[in-house]
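Chemist: Sharing a structure here in structure tokens format.
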Amino acid sequence: MWEAFLEPLSYEFMQRSLIVAVLVGLICAVVGSYLMVQRLALLGDAISHSVLPGLAIAFMIGANIFIGAFIAGVLSTMAIAWIRARSPIKEDAAMGIVFSACFALGITLITLIQRDNKIDLNHFLFGNILAVSRPEVWQTALISALVLVVVVLLYKELLFYTFDPLGAQAAGLPTNLLNFGLMLLIALTIVASMKSVGVILVLALLITPGATAYLLVSRLHQVMIIGAGIGIFSSISGMYLSYFFNLPSGPAIVLVVSGLFVLALLFSPTHGVLTQPQAKSGESMVWRELKGLIRRH
Amino acid sequence: MNPIALPFQANLVQQLNVSGQVEQTCMSSSASIAISQLSVRYRAVEALHNINLLIRPGRLVGIFGPNGAGKSTLLKAMLGLIPNASGSVTYHNKPLMQQLDKVAYVPQRSQIDWSYPATVWDVVMMGRVQKTDWFRRFSVISRRVAAAALERVGMEKYRDRPIGQLSGGQQQRVFLARALAQEPEIFCFDEPLAGIDQKTQEVVFEIFHELVAAGKFVLVVNHDLGETIAHFDDLILLNQSLVAYGSRQQVLTQENLYRAYGGRVLFAAGEAA
């Protein structure tokens, strides 16, 4: 049994994948916790879809695609903030507009490039963790170190800001700077995760581990730590699924993490659907939940 | 907007400057919060119109007015929390916005996501963030200050409780403890009395009166003209522009209430004066 899991690691490309899987699982869960508590899941989706055109343009002009993607991600959040500030359009609509427009532009550009170059759109959309190069491992490690250092150093300020932005601003904290810093962290994390989960599914690795942990523990740093464990476990499992069954790594990782979420949803000691007192009645569980849904609407 | 309102307000400020309560010792404008020509626009709508106020320490100040009168907006605009505000707010002759380390602001309870993964202790410690250097951990002193604040509001037993499991009154007391932990000179509370239990109300007013006696500024937005109004020393009566400002007795006249609330004045309010 162990043989089957350890044997692939003798290949160098599998070692590289393992390192990236651990790092990506870790930083996605940590940074994603901030998105979840601020109810900004959609922003994570918006940034991740918006990195594509930057990536494509960087490839065209021969620049580093990570830097291109990062710049595009940051520009998209600024565009969203600008539309919201200068027009009566609400934030969620602004996000929807910006990210679908960027995504369309990205797909178009990459399709054009694909005609004369060896670049596979699918790898960016759905991830290919088994194909990370040595420089990509270094870039991911560098980004991860930076993200973790910033989160640790600014933990108390970010906790205050994400819980009560007005109270933090009124206490004199530079909340605009904190907000911008948080956006940079999110963009960096998405860029670092692009190769392993792909831009379409990175949202799951950002939100689901934190949400799963949230069902189990009740303080932000605990959510981050448990979430990181869940994220790392999921991305390593996804990597093996990708290796053994020749699957794109993104969907494999996301299926694992979603499965863990369902388990927590059903069996969490404090919030679990099946562990709550009312589950004791003779009524079938499915029937009770269905009735509950109808009554609530 | 309303040309008659202007001289009236100017008159009021002057009146407090020159002939205000005699028992107040700190009458110099430098030890006061001076608000002048404060206006707030939301796109085409003017939420606050040309507010001029001189607020003195050591008075429990209630900000009253009907829904949409701009009570919360006044508090937020004073602290620079609203981008579209014009006018000036000074404290010790310097812009208040540059001295926010002396301010504690407690937002409306309904503006906070109480399902946030944090414990009572986490929230009270937020009051010490501004007093702690960047990149540093909380000091022993900070922990002591926070613990004392939590004890003062009678919530020390709930220290490790997730905030989502508290009642509304308990949540309000935790926020009060956070404000105390900030050790500010100016306290601003937005609707702290909304939907709280009797016990919390007693604790809250007890602490308000202590702070006032210690010479702090305590500004409280309240929408309820009920019996709690008797706790306040001074009232600011708003309806987009300033209707009246002064001691409770001065402000609570039928004429002022009519101008602020239109015909919808609660009769009990008039009697509370």
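Chemist: Residue by residue through B:101-107, how many Cβ atoms from other chains fall within 10 Å of the Cβ on average? Intermediate values should be presented prior to the final figure.
Modeler: Working: counts 3, 2, 3, 3, 7, 4, 5.
Taking the mean over all residues of the peptide, I get 4.
Chemist: Which entries in the list B:Lys76/B:Lys216; A:Lys156/B:Lys76; B:Lys131/B:Lys216; B:Lys71/B:Lys157; B:Lys71/B:Lys94 go over 26 Å, if you measure between the two C-alpha atoms of each?
Modeler: Details: B:Lys76/B:Lys216 19 Å; A:Lys156/B:Lys76 23 Å; B:Lys131/B:Lys216 18 Å; B:Lys71/B:Lys157 34 Å; B:Lys71/B:Lys94 23 Å.
Over 26 Å apart, Cα to Cα: B:Lys71/B:Lys157.
Chemist: I'd like the mean, over residues of A:218-225, of how many other protein chain beta carbons sit within 10 Å of each residue's own Cβ.
Modeler: On the way: counts 12, 8, 5, 3, 2, 2, 1, 0.
Mean shielding by partner chains, rounded to a whole number: 4.
Chemist: Which order do A:Tyr161, B:Tyr158, A:Tyr11, B:Tyr105 take by accessible area at a 1.4 Å probe, largest first? Walk me through the intermediate numbers first.
Modeler: Values: A:Tyr161 25, B:Tyr158 60, A:Tyr11 100, B:Tyr105 0 Å².
Largest accessible area first, the list is A:Tyr11, B:Tyr158, A:Tyr161, B:Tyr105.
Chemist: Here is a follow-up. With the crude spin-label approximation of a point 7 Å out along Cα→Cβ, what separation in nm comes out for A:Ala63 versus B:His92?
Modeler: Placing both labels 7 Å along Cα→Cβ, they lie 4.7 nm apart.
Chemist: Right, something else. Could you please put B:Lys71, B:Lys102 in sequence from largest to smallest accessible area, using a 1.4 Å probe? Could the numbers behind the result be given before it?
Modeler: Numbers: B:Lys71 15, B:Lys102 55 Å².
I get B:Lys102, B:Lys71, largest accessible area first.
Chemist: Largest first and in whole Å, give the semi-axes of the stretch B:79-232's equivalent ellipsoid, each being the square root of 5 times a Cα gyration tensor eigenvalue. Don't skip to the end; give the middle numbers.
Modeler: Details: eigenvalues 106, 92, 48 Å².
In descending order, the three semi-axes are 23, 21, 15 Å.
Chemist: Within 10 Å of each Cβ in peptide A:154-161, how many partner chain Cβ atoms are there on average? Round it to a whole number, please. Walk me through the numbers before you get to the answer.
Modeler: Details: counts 2, 2, 11, 6, 1, 8, 10, 2.
Rounded to a whole number, the mean comes out at 5.
Chemist: Next question, about the same structure. Leaving ligands, DNA and RNA out of it, rank B:Trp114, A:Trp82 by accessible area with a 1.4 Å probe, largest first. If you can, show how the numbers build up before the last one.
Modeler: Details: B:Trp114 35, A:Trp82 165 Å².
Result of the area sort, largest leading: A:Trp82, B:Trp114.
Chemist: Let me ask you something else. B:Trp134: accessible area at probe 1.4 Å, nearest 10 Å²?
Modeler: 110 Å²
Chemist: If you don't mind, there's one more thing I want to ask. Go through the stretch B:55-64 residue by residue and turn each phi into a ³J(HN,Hα) via Karplus (6.51, -1.76, 1.60, θ = phi - 60°); whole Hz please, and just put x for glycine and proline.
Modeler: Computed from phi, the couplings for the stretch B:55-64 are 9, 9, x, x, 10, 7, 9, x, 9, 10 Hz.
Chemist: At most 14 other C-beta atoms within 10 Å and a DSSP loop state: those are the exposed trypsin sites (Lys or Arg not before Pro) I care about. Give me the longest piece of chain A that has none.
Modeler: Details: sites that count: A:Arg39, A:Lys90, A:Arg115, A:Lys118.
Longest run free of exposed loop sites: A:119-297.
Chemist: Using a 1.4 angstrom probe and counting only protein chains, how large is the accessible area of B:Ser167 in Å², to 10?
Modeler: That residue has around 50 Å² of solvent-accessible surface.
Chemist: By DSSP, what percent of the beta bridges with both residues in the protein assembly as shown are antiparallel, rounded to the nearest 5? Mind dumping the intermediate values first?
Modeler: Numbers: 22 of 39 bridges.
Just about 55 percent of them are antiparallel.
Chemist: List the residues whose amide H sits under 5 Å from the amide H of B:Tyr116, counting only those 5 or more places along or on another chain, with H placed 1.01 Å from N in the peptide plane.
Modeler: Placed amide hydrogens put nothing under 5 Å from B:Tyr116.
Chemist: Heavy-atom accessible area of A:Phe103 with all protein chains present, probe 1.4 Å, nearest 10 Å²?
Modeler: A:Phe103 has an accessible surface of roughly 50 Å² with all protein chains in place.
Chemist: Can you list the residues, at least 5 places off or on another chain, whose amide H is less than 5 Å from the amide H of B:Val243, using H built in the peptide plane?
Modeler: Here the answer is B:Leu237, B:Leu238, since their amide H atoms fall under 5 Å of that of B:Val243.
The values are calculated or read from the model by the stated rules, or taken from the named source; none is laboratory data. For clarity, every value in this text was computed on a predicted model and none was experimentally measured. Every residue, glycine as well, gets a Cβ built from its backbone with ideal geometry; the counts of neighbours run over all protein chains shown. Just the protein is used for accessible areas: all its heavy atoms, side chains included, with ligands, DNA and RNA removed. Shrake-Rupley method; radii C 1.70, N 1.55, O 1.52, S 1.80 Å.
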